[in-house]
Amino acid sequence: MEAPGGRSRVARRQQRIRDRKRARARRAAVAAGIAGLVVIAGMLGVALSISHSSARALTADRSAEAGQSTPASAGPTGSSPATSAGDSSSSAAASGTASSTSAAGAGSSPDPQSAAPAPTTSSPGADAAATTAAGPGSAVDTPEQPVSSPSGQAFGGTPAAGVLYRTDSGVASHFCSASVVHSPAGNLVITAGHCVYSDGPKQHIAFAPGYHNGQTPYGSWTVTKVVVSDAWQSGHDPDQDVAFLQVAASDSGASLESVTGADQIAFDRGFGMPVTVPAYPQGSDTPITCAAPALRHSATQTEWDCRGYPDGTSGAPFLVDVDGSGEKGTVIGVIGGYQRGGLTPDVSYSCYFGAAIQALYQSATV
């Protein structure tokens with residue numbers, strides 16, 4: 001029997017079954033396609049991640065290779081064309097840089113914090129104790145030099161500091177600086193050995209303390225005796241470039257020290273303390289002064305860096321413990337010694353006042 005429309009119910013039912021199967025198949029295919037796309041996308045993501053990781057690793061490897069130092073060549077072929085054979089300081093600096101880089105070690109990443117030296121702290125008291133314990137020959141008792149040293153400044157002068165001059169030339173022709181130091185007789189002046197003794201002691205010289213603007217407010221004092229060490233007399237030993245001068249009393253019988261006062265003198269005071277140096281440049285009637293640290297140049301020489309100390313300032317005192325008035329202090333050196341006090345106006349020297357200078361002082365007070 002047939003249903004209306006020319007198709008049996010059985011046929012229509014079978015057709016619906018087939019349609020549902022085809023629909024399920026299409027849905028399954030779509031789902032499978034989507035799943036495949038997801039899998040492919042995941043695989044692409046992994047591949048990209050691996051590619052980026054490989055690129056980073058390669059970059060790191062190349063950076064490490066670039067950071068490795070090239071061993072310095074032992075021969076001239078390893079030298080930079082810009083470095084001349086005569087420039088030993090540049091060669092030493094380049095060698096030191098290569099050694100420092102190699103010491104860091106290839107394969108270890110540089111650490112700026114670990115490379116920097118650990119900060120150190122110290123107190124002035126500890127530094128002074130180290131200076132006293134180590135003695136003048138120690139390398140621990142000198143502070144670092146300042147970036148720029150100070151300059152000498154004109155001032156009104158002090159009663160105990162003055163000039164040496166030849167009596168037959170006049171005080172305006174003064175040639176060295178000097179100062180009064182305490183002595184039992186009150187008649188002692190200190191200066192540099194090279195100022196007053198070459199082949200023998202200079203004759204006809206006088207001392208004008210407090211000289212300023214052409215005036216001699218404390219008079220002029222005739223030098224009667226020049227006292228230098230045997231080492232200076234025989235070989236001009238720069239470690240004993242010091243002289244003590246005895247002067248005559250005034251016409252009234254007054255001693256020099258009773259008129260001007262005097263600086264004290266001290267020995268074995270070490271290095272590193274600030275010193276004040278009143279001095280007279282040659283050809284000037286205006287004194288200058290400056291304060292700067294007394295640096296350790298060697299175990300027997302003190303260096304003092306202050307600009308503007310030309311010829312004529314030799315013999316000027318290195319004063320510590322200057323009083324509140326700025327007029328009196330303690331002498332621990334005089335401009336002289338190494339290079340006879342220095343070859344430029346910006347760096348001056350003094351021989352270190354140790355046992356030899358102390359013995360010389362004692363002989364001058366007799």
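Within a straight-line Cα-Cα reach of under 27 Å, residue 328 can be paired with the following lysines, leaving aside sequence neighbours fewer than 8 residues apart in one chain: 225. Between residue 284 and residue 225, the distance separating the two model label sites (each 7 Å from Cα on the Cα→Cβ line) works out to 3.5 nm. Placing 222, 260 in order of accessible area, with the largest value first and a 1.4 Å probe, yields 222, 260.
Approximating the spin labels as points 7 Å out from Cα along Cα→Cβ, the residue 363-to-residue 168 distance works out to 2.9 nm.
If you roll a 1.4 Å probe over the heavy atoms of the protein chains, what accessible area per residue do you get for region 206-262, in Å²? Write down the numbers at each step before the final one.
Numbers: 2460 Å² over 57 residues.
Per-residue value: 43 Å².
Let me know the shape class of region 292-366, please: from the alpha-carbon gyration tensor, a ≥ b ≥ c as square roots of the eigenvalues, rounded when a/c is under 1.5, otherwise prolate if a/b is greater than b/c, or oblate. Show your work: numbers first, answer last.
Details: a/c = 1.70, a/b = 1.19, b/c = 1.43.
Since a/c reaches 1.5 but b/c is at least a/b, the shape of region 292-366 is classed as oblate.
The values are calculated or read from the model by the stated rules, or taken from the named source; none is laboratory data. As the structure is a prediction and not an experimental result, all values here were calculated from the model. Cβ sites come from the backbone with ideal geometry, for glycine too, and all protein chains shown count toward neighbours. Just so you know, the surface numbers come from the protein's heavy atoms only, side chains and all, with ligands and any DNA or RNA stripped out. Shrake-Rupley method; radii C 1.70, N 1.55, O 1.52, S 1.80 Å.
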